[in-house]
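Down below is the structure, laid out as structure tokens.
The values are calculated or read from the model by the stated rules, or taken from the named source; none is laboratory data. Everything numeric in this text was worked out from a predicted model, so none of it was measured. Quick reminder, even Gly has a Cβ in these numbers, built from the backbone with ideal geometry, and neighbours come from all protein chains shown. For accessibility, only protein heavy atoms count, side chains too; no ligands or nucleic acids. Shrake-Rupley method; radii C 1.70, N 1.55, O 1.52, S 1.80 Å.
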Amino acid sequence: MKKLKQRSINKEDSVISISGLYKSFGDLEVLKGIDFKLFKGENVAVLGKSGTGKSVLIKIIVGLLKPDRGEVVVLGHHVDQLESKELNALRIRIGFSFQNSALYDSMNVYQNLAFPLTMNRKNLNKKEVDEAVEEVLEAVGLTDKLKQMPSDLSGGQRKRIGIARTLILKPEIMLYDEPTSGLDPITSAEIIELINEVQQKYNTSSVIITHDLTCAKNSSNRLAMLLEGKFLKVGTFDEVFDTNDEQVKAFFDYNFIQ
Amino acid sequence: MRNKYTFSKGVDEYFSGIHKAYLFTALFFREAFKKPFHLREVINQCFEVGLKSLALISLTGFIVGIVFTKQSRPSLEDFGATSWLPSLIGIAIIKALGPLVTALICAGKVGSSIGAELGSMRVTEQIDAMEVSAINPFKYLVVTRVIATTLTIPVLALYCSFVALYGSYLNVHAEETSSMISFYQSAFKTISFLDITTSVVKTLVYGFTIGIVGCYKGYHATQGTRGVGKAANQAVVLAMFLIFIEEVIIVQIANWIR
């Protein structure tokens, strides 16, 4: 598997900065004071058990959910204070890859990829759209699937097309929600490789939500362990798992490390 | 914490549901007159609504025409008034049956299909995917569908009335030889401009109701695939209920004007 190329990261150039973030749903408190920074050019994996609020965190970053309290600054903008037009302008700079790919069922692969582009860049002609679609399909290695419907694709192919759809708008930040969930180990390895290739080719900074340690280890520069609504530890793989904390150790023990 | 003035969860949910539906409808009117208009999608949806219902409406309209004529003839024969049959049929079909039959068929066929489609898009995060791609899903999915049903259902109702009149003519012709022109002339002799206007207004209101109810139920679907089924079912039941209430109100208003 092609590993993530380690790059020098400027710790003063943060693209996402979160402080004192709280979010609850009814009586259920999900996030209880999150502080987090993502620096330009780095990949950070957010680890944690199911239901700990990992997906909620990236949905707040992209403005799909509003925080109860706290500050979320993305590419210099306070996300929760933006008007809808400004929020859309920011969203074009963020790519969001959904856990179940969220491809549009009624559209074929070409239409799925062209749709965000034609809706956001009205001045593009057909040739330019075709070229952009071809470029992202090449990046994810699925140029032969242009006319297929999402229902005809395998799980791994759907994930790839989902990633291609976000790449077509040339995002600066990528948010991956469980990119390897539901995939076999070989396809998972291919997706991890794709995440690393995307970072290198498109120069993105990424947040990778996962509970898969193999994915976290091989696709990220840093890891953040989310437990009981807070980041218990943030650091490199060895820093996070070199601990006596029972919960972190249990999480490690139940995962298979490649 | 629950408000101390909340006296029952059911009543609370009922009123908050009405408030949510009101906000949804208000948002439709705000978004409908703002650019971009997505004309191509409106035309696509008009074809979807029209083509999906055409065969069923043709068949139902034809049968309604035949059955209504068959049922009315004996009563008129008792009074020696069979010559009034075309007028009676004309009044019944153009003023009431045509619009109502079309609306009920479309509530079942189109309303459920919109509810299920948007519901499945909601639970599979396709609507969220649009939002994070800086596309306004309300405008693209809801506004286009509601405009399509509002414009298409009056045309279908008109078509249904003509097919029903044709069915009726065939039945009359089987019993006594008469020309189609004289049948249609007699049928329209007693129809005033107000009757036609009322029918058109009725069908516009029915079309809007079917579209907005289907979209509202689908757009707010929850609880996975079970929620999709529930949304489709509720879209049909609520739309039919509202159509009957609207029928009574519009007929009352037309009578006052007369």
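Brief remarks on what is shown
- Segment residue B:83-residue B:222, extension gain: residue separation times 0.36 nm, minus the distance between their alpha carbons: 44.4 nm
- Calculated from backbone phi, Karplus (6.51, -1.76, 1.60) coupling profile of region A:118-135 in Hz, x at Gly/Pro: 5, 6, 9, 10, 5, 7, 6, 8, 4, 5, 5, 5, 4, 5, 5, 5, 4, 4
- GNM flexibility winner over chain B from B:112, B:161, B:75 (Cα, springs under 10 Å): B:75
- Kirkwood Rh and Cα Rg combined as Rg/Rh, region A:48-144: 1.03
- Couplings 3J(HN,Hα) for region A:92-99, derived from phi with the Karplus relation 6.51 cos²θ - 1.76 cosθ + 1.60 (θ = phi - 60°), are 4, 8, 10, x, 10, 9, 7, 4 Hz, where x marks Gly and Pro.
- Tensor-based shape of region A:53-97 (alpha-carbon gyration tensor, a/c under 1.5 rounded, otherwise prolate or oblate): oblate
- Residue A:148 long-range amide H proximity, modeled H, under 5 Å: A:109, A:110
- Across chain A, Cα pairs under 8 Å and at least six residues apart give a relative contact order of 27 percent.
- Loss of accessible area when A meets B, both sides summed, Å² nearest 100, probe 1.4 Å: 1600 Å²
- Kirkwood-Stokes translational diffusion coefficient of the protein assembly as shown, alpha-carbon pairs, 25 °C, 0.890 mPa s, µm²/s: 93 µm²/s
- Geometric descriptor of chain A, per residue, is 135 Å³ (volume of the convex hull of the Cα atoms).
- Residue of A:100, A:196, A:123 that the Gaussian network model of chain A assigns the largest fluctuation, springs spanning Cα pairs under 10 Å: A:123
- Kyte-Doolittle mean at least 0.5, axial Cα span of 27 Å or more - DSSP H helices of chain B: B:39-78, B:144-175, B:193-219, B:224-257
- Two-decimal ratio, chain B, of alpha-carbon radius of gyration to 2.2 N^0.38 Å: 1.18
- Positive dipole terminus of the protein assembly as shown, leading residue within A:104, B:206, A:70 (C-beta point charges): B:206
- Comparing B:30, B:145, B:122 in a Gaussian network model of chain B where C-alpha atoms under 10 Å apart are linked, the largest mean-square fluctuation is found at B:30.
- Highest average packing first - A:51-58, A:146-153, B:174-181, B:209-216, Cβ atoms within 10 Å: B:209-216, A:51-58, A:146-153, B:174-181
- Calculated FRET efficiency for the pair residue B:12/residue B:174, C-beta based, R₀ 41 Å, to 0.05: 0.10
- DSSP bridge orientation in the protein assembly as shown - percent antiparallel, rounded to nearest 5: 55 percent
- Per residue of chain B, the DSSP helices (runs of n ≥ 4 H) give a summed -39500 (n - 2.57) that works out to -27000 deg cm²/dmol at 222 nm.
- Diffusion constant of region A:158-258 at 37 °C, which comes from Stokes-Einstein with the Kirkwood Cα-pair radius and 0.692 mPa s, µm²/s: 227 µm²/s
- When shorter helices are ignored and each DSSP H run of at least 4 residues is given -39500 (n - 2.57), the per-residue value for chain A at 222 nm works out to -10500 deg cm²/dmol.
- Pairwise FRET efficiency - residue A:148 versus residue B:248, Cβ, R0 = 60 Å, nearest 0.05: 0.75
- J(HN,Hα) series, region A:189-205, from Karplus relation 6.51 cos²θ - 1.76 cosθ + 1.60, nearest Hz, glycine and proline x: 4, 5, 5, 4, 4, 5, 4, 5, 5, 4, 4, 6, 6, 9, 6, 9, 10
- Based on C-alpha pairs under 8 angstrom that are at least 6 apart in sequence, chain B has a relative contact order of 31 percent.
- Averaged over residues, the count of other Cβ atoms within 10 Å places the peptides B:59-71, A:34-46, B:31-43 in the sequence A:34-46, B:59-71, B:31-43, highest first.
- Cα-only Debye scattering, region B:1-123: base-10 log of I(q)/I(0) at q = 0.11, 0.17, 0.18 Å⁻¹: -0.69, -1.03, -1.08
- A 1.4 Å probe run over region B:38-257, with the rest of the protein chains in place, finds 45 Å² accessible per residue.
- Span from the region A:161-239 Cα centroid across to the region A:49-80 one, whole angstrom: 17 Å
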